[in-house]
Each structure stands twice: as structure tokens, then as C-alpha cells.
1. Counting Lys and Arg as +1 and Asp and Glu as -1, each charge on the Cβ, what is the dipole of the chain about the Cα centre in debye, to the nearest 20?
2. For Cα extents along the principal axes in Å, pick the label among (i) 116, 44, 31; (ii) 77, 63, 31; (iii) 68, 50, 42 that corresponds to the value derived from the coordinates.
3. For the charge dipole of the chain, defined by +1 on Lys and Arg C-beta atoms and -1 on Asp and Glu C-beta atoms about the Cα centroid, which residue among W109, L187, A168 has the Cα displaced farthest towards the positive pole?
4. What is the ratio of the Cα radius of gyration of the range 162-236 to 2.2 N^0.38 Å, with N the residue count, to two decimals?
5. Return the aspartates and glutamates within reach of K153: Cα separation strictly under 14 angstrom, same-chain partners fewer than 8 residues apart disregarded; answer none if there are no such residues.
6. How would you classify the range 131-267 from its alpha-carbon gyration tensor, with a ≥ b ≥ c the square roots of the eigenvalues: rounded for a/c under 1.5, else prolate if a/b is greater than b/c, otherwise oblate?
7. Calculate the dipole size of the range 205-340 relative to its Cα centre from +1 charges on Lys and Arg beta carbons and -1 charges on Asp and Glu beta carbons; express the result in debye to the nearest 20.
8. Suppose every K and R has +1 on its Cβ and every D and E has -1 on its Cβ; what is the size of the dipole of the range 96-162 about the Cα centre, in Debye to the nearest 20?
Amino acid sequence: MSFKAIHAFAVLPLALTFVLGTQARAAAQEPIQPLEAPKITNPAKVELGKQLFFDPRLSRSGFISCNSCHNLSMGGSDGLKVSIGDRWQKGAIRAPTVLNSSLNLAQFWNGRAKDLESQATGPLLNPIEMNTTSEAAELMVNSLPGYREEFKKVYGTDKASLQQIGDAIAAFETTLITPNSRFDKWLKGDKTAITDYELAGYELFKSVGCVACHNGPGVGGNSFQKFGLVNAYKSPNPSQGRADVTHDDSDRMMFKVPLLRNVALIPPYFHDGSANTLTQAVETMGWLQLGKKFTADQNAQIVAFLKTLTGDQPTFPLPQLPPSNDETPRPDPFAPVAQK
């Protein structure tokens, strides 16, 4: 082999390292960072959590599962302004997407759950949502040999607790990351991954100030902000955001900034579901948060950019749930609503 050939082989890795390093530095300078695929360290716990996520027997009715309101075939939400709960009761607020939810600084719109583990059990016990009890959930799970075997494998005990049920569901939810969006590819150096029009939308998204709140890998989810910062927001929905948790008037209308990953898949928008389209949502946010009225073309550019944030959706075989047996409590979907 000639000296030139040897030199070329030696230089090639260095050149590749330089290019990749340059691309990484360029991506790091953007207010939005690429999503990376999750690293699964405990596949047995994830598989157990997947089964529990899809198991409607955790609800009093035997009809509602986590997937009912966080439908993984619909971007991790349910497409409703407010969700439908036990005995057709009307939920209080829009169901946020479960996709990429591990990136949130806290869970629920008002941040009342500090992490996915504490969030996962909240809907189970909520009388409007799944309307079960700790005892009923544990009794159902512990009546099934299939679940007992899996809990023994994961937790070292064949008697499941509500805390362990929530922990397993959370382990599954942490895997629901959606990398490889066209915008992620652009961030990583593929400048053909998005169009000039979509890029113009991103530049506008940055220049007008949207990235002050919608930044990081999740394009949001990392702060609480007042909804109606510049111009007041009026809604028939009674939720007051963080103030419902802290009871501090200064937290009124402070909501967790939603993740914008896969936003094109999950209308309607906002905590009250009042915006039916991305176009309407962009128009409303421009006015409420920035005091700006976008032109139709500016609005369309931002919408075009937002659509590049759709990543790879979770894909896996539906889990086979352990069959009920003689010891399994039977659901009671038609019980009368208790009078308050």
C-alpha cells in the first residue's frame, strides 16, 4: 500500500470525528436538543409495567386502563377536551400525552405529582377516573398467578403493593420516548431533513421568543409558566394551575409548559382543550404569551415547524394479560354513582 493510501486511511477517522464533533457542537448551541432512544436497564420491570398499563381490571369498572386516556395509538392522549372516567363521569382537565413524559419536571398540568411513580397511581384512586382503592388494586393483581410470578421476579415478593404497581407502570412509561423526528435529524446535521419553509418556522419560533418556555429535548415540560402572561386568558374550565396545589394566589394560572414533541398528533390543545387545531393554538399563544398577532403565513410557518417534531412512535406487540380466575374480583361497571 502506498504512503498516500496509508495517509488517507489514517486521516479519514480524524476527519469523521471532526465532522461529528462540529455537528454535536452546533446542535448543543440550539435551544432544542435531539431526543435519544431510551436505555432499558430492567426489561422484566418494563414488561410488567406494560401489562399493568393496558390492564383495565385495575379500574373499578374493569373497563378503563391507563391506555384509555393515554392511547399509544393516538400520540399518548385521547383526543378529548377532558377525559371520560368511571361511570361516564366528565374529567376535570385535558389528558396530557404520556409520550416523553419522563422529561417533565413534574407530572400533571399543575405538577401535583413529583415523578412518574407517584403519578401512575393517582388516576387509579381518583373517583372520577379509574375509581379503585389500594386494597382493590392489590387484591386484583395478587389474585393472578401470572402477576405474582412477575412481581416475585422483579421485586422479590409475590405480594404486590400499590407502590410497586405504580413503580412498574412508571418503568414502562420511561421507555415511551419518540426519537428520530425529522427535526432531530436536522439537529444532528442532516440539513435536508426539513424544508426551507419549516426551517423558517423554526427561526421564527426562536426569534419571537417561543423557545423561552419551549426548549430542551422535550421542547417544553421543564418549567411552570403563567397562561395569559401578556393578555389574560379566560376559560370555562375551573382549573387554576399550580394554585390548586399550593393555594398561593401568585400561582394562579401557572401551568406546566407542555411538551411539543409529537404535538401534531394530539389535538385539542391547552389544559382545557380549547384550541382544536395547531393553527388556532399558535394564534392564541402568540397573543396570550407574547402579545403578538401572527400573519397567516407566519402562523403556517410555525405550524410547519411543529409538525417536524413527530418522532418514532412506540411499537411493540400488545401484552398478553394474565387471565382472571375464581379468586379475581369481578368488575362492577354499572354501580350507581354515590350521592355526595
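1. Numbers: 33 positive and 32 negative charges, 126 e Å.
Result for the chain is approximately 600 debye, rounded to the nearest 20.
2. Identified label for the calculated read-out: (ii).
3. Checking the options against the dipole of the chain, the answer is L187.
4. Details: Rg = 17.5 Å, N = 75, 2.2 N^0.38 = 11.3 Å.
For the range 162-236, the normalised Cα radius of gyration is 1.54.
5. Straight-distance partners of K153: E47.
6. Judged from the Cα gyration tensor, the range 131-267 comes out oblate (a/c at least 1.5, b/c at or above a/b).
7. 540 debye
8. For the range 96-162, the charge dipole is close to 100 debye.
The values are calculated or read from the model by the stated rules, or taken from the named source; none is laboratory data. Just so it is clear, the model here is predicted, and its values are computed rather than measured. A quick note on method: Cβ atoms are made from the backbone with ideal geometry, for glycine too, and the neighbour counts reach across all protein chains shown. Keep in mind that these areas ignore ligands, DNA and RNA; they rest on the heavy atoms of the full protein, side chains included. Shrake-Rupley method; radii C 1.70, N 1.55, O 1.52, S 1.80 Å.
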